[in-house]
Amino acid sequence: MDKSGILVGGVTGAAIVAVIFAVILITPSTIEPEKITNENHIPSAIGETTPAYSKNLSLIEIFEKSEPGVVRVNVQRTEQSNGTSGVGSGFVFDKKGHIITNSHVVKDAKKVVVTFLDGRSYNAEIIGFDEFTDIGVIKVNADLLLLQPLSLGDSANLKVGEPIAAIGNPFGLSGSMTSGIVSQLGRLLPSGLGYSIPDVIQTDAAINPGNSGGPLLNMRGEIVGINTAIQSTTGEFTGVGFAVPSQTIAKIVPSLIENGKYHHTWMGISGRDIDPDLAKVLNLKDAVGFLVITVVENSPAAKAGLHGSDEIVEMDGVKYQVGGDIILSVDGKQVRKIDDILIHLQRVKSVGDEMVLEILRDGRTTNITLTLEERPNGN
């Protein structure tokens, strides 16, 4: 099997950026990596979780306190017992038996088996999953003594350079721990569904196939992310890993437990970030903001009166679509590029909420208020 591929491919309506991602981190049983092409304060724990720690712990302490809450997730994807299978990771969310893992780990699974630290295994029920954030929830009817929920920390407090640790089952090697730092925050990760996962954490902690669904922990032993992907051309770790932040987990998981799905917000626009060349074409002083090129008919953006591009200008042999509104801020927060809009939507907005856009149109700034609707072709 070719070991290069598109990781949760797809782009937003933002700029057209091609990035080669290999494997999302679930290890098939043959050890060959499987290709998968609020700003509001979050409490230190959600649901029934263990107490948060107020001081930094050593890596040894983090592992000893967290290992009982990290599980191995075996997946069978066909009806036959010898059918295609894979191995991922997960962690205990509450005393009711809910386990958090990745959507891509359990999607299309015919059978899911969860194995705890002491070796006991249980068949798991798939409660719900959200492909747009790669989060899945499964449930086991396990001995209460085995259910050791991990504390959910606040990823909004993370800083670049901060040390972190990852625990999971790389290549099926159960209970493995690696450490590193937060390499960057607010990354945009293609999801393979035409949309992207916003606000993603980038880390250099070694993450490999099989780590998918395992926790990313800060030095207080709190979960700040769920490991989801690597960037690689070989299918193996090359120093760049990604984790969906705990802020997103806190927002998505309760809905998955209650309804089996999550309703994402939708504006109904596509366009491109303002780069220096486009800024020159548009006679802009600064290369910031997002140019609206297309407005989907009958979308929230269309209903609010947002304008798309209506003409093409050529400069230095390059054609540019121009004439559309330029989004400068959302709810008073500056928009430098599409990432800022998507992160704001993910962190603090829900279906039915209003959002105020500051736009530049025909050389003048004005405000437009739109009401967010549910993303079409949802879960």
**Item:** Ranking of PHE171, PHE129 by count of other Cβ atoms within 10 Å, fewest first
**Value:** PHE171, PHE129
**Asked** Given +1 on the Cβ of Lys and Arg, -1 on the Cβ of Asp and Glu, and no further charges, what dipole in debye does region 265-374 carry about its Cα centre, rounded to the nearest 20?
**Response** 220
**Message:** Using a Cα-Cα cut-off of under 23 Å, which lysines could be cross-linked to LYS319, ignoring same-chain neighbours fewer than 8 residues away?
**Reply:** LYS280, LYS285, LYS337
**Nearest-0.05 FRET efficiency for GLN184 and ASN123, computed from C-beta distance (R0 45 Å)** = 0.70
**Complete:** Checked region 239-324 with the C-alpha gyration tensor, a ≥ b ≥ c its square-rooted eigenvalues, rounded below a/c of 1.5, otherwise prolate if a/b is larger than b/c and oblate if not; verdict oblate
**Asked** Taking the Cα centre of region 230-379 as the origin and placing charges on Cβ (Lys, Arg +1; Asp, Glu -1), which of HIS264, LEU291, LEU370 is farthest toward the positive end of the dipole?
**Response** HIS264
**Asked** Just how far, in whole angstrom, is region 85-126 from region 166-224 if you go by their alpha carbon centroids?
**Response** 17
**Request:** Answer rounded, prolate or oblate for region 265-374, using the Cα gyration tensor with square roots of eigenvalues a ≥ b ≥ c: rounded when a/c is under 1.5, else prolate when a/b is larger than b/c, else oblate.
**Result:** prolate
**Request:** Starting with the fewest neighbours, write out MET267, MET355 ranked by other beta-carbon atoms found within 10 Å of each beta-carbon.
**Result:** MET355, MET267
**Prompt:** Relative contact order of region 265-374: what whole-number percent is it, with Cα pairs under 8 angstrom and at least 6 residues apart?
**Reply:** 27
**Request:** Please give every one of the aspartates and glutamates within straight-line cross-link reach of LYS96, meaning a C-alpha to C-alpha distance under 12 Å, and leave out same-chain neighbours fewer than 8 residues apart.
**Result:** GLU48, ASP143
**Message:** Take the residue pairs LYS107/LYS159; LYS55/LYS349; LYS95/LYS159; LYS110/LYS261 and return only those whose Cα atoms are more than 25 Å apart.
**Reply:** LYS107/LYS159; LYS55/LYS349; LYS95/LYS159
**Prompt:** Could you put LYS319, LYS349, LYS261 in order, starting from the residue whose Cβ has the fewest other Cβ atoms within 10 Å?
**Reply:** LYS319, LYS261, LYS349
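Assign one of three labels to region 141-204, namely rounded, prolate or oblate, based on the Cα gyration tensor with a ≥ b ≥ c the square roots of its eigenvalues; rounded applies when a/c is under 1.5, prolate when it is not and a/b is larger than b/c, and oblate otherwise.
In terms of gyration-tensor shape, prolate.
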**Only Lys, Arg (+1) and Asp, Glu (-1) charged, at Cβ; region 190-310 dipole about Cα centre in debye** = 240
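Every read-out reported here was derived from the displayed coordinates using simple, explicitly stated rules and does not represent laboratory data. These numbers were taken from a predicted model, which means no experiment stands behind them. Every residue, glycine among them, receives a Cβ derived from its backbone with ideal geometry; neighbour counts consider all protein chains shown.
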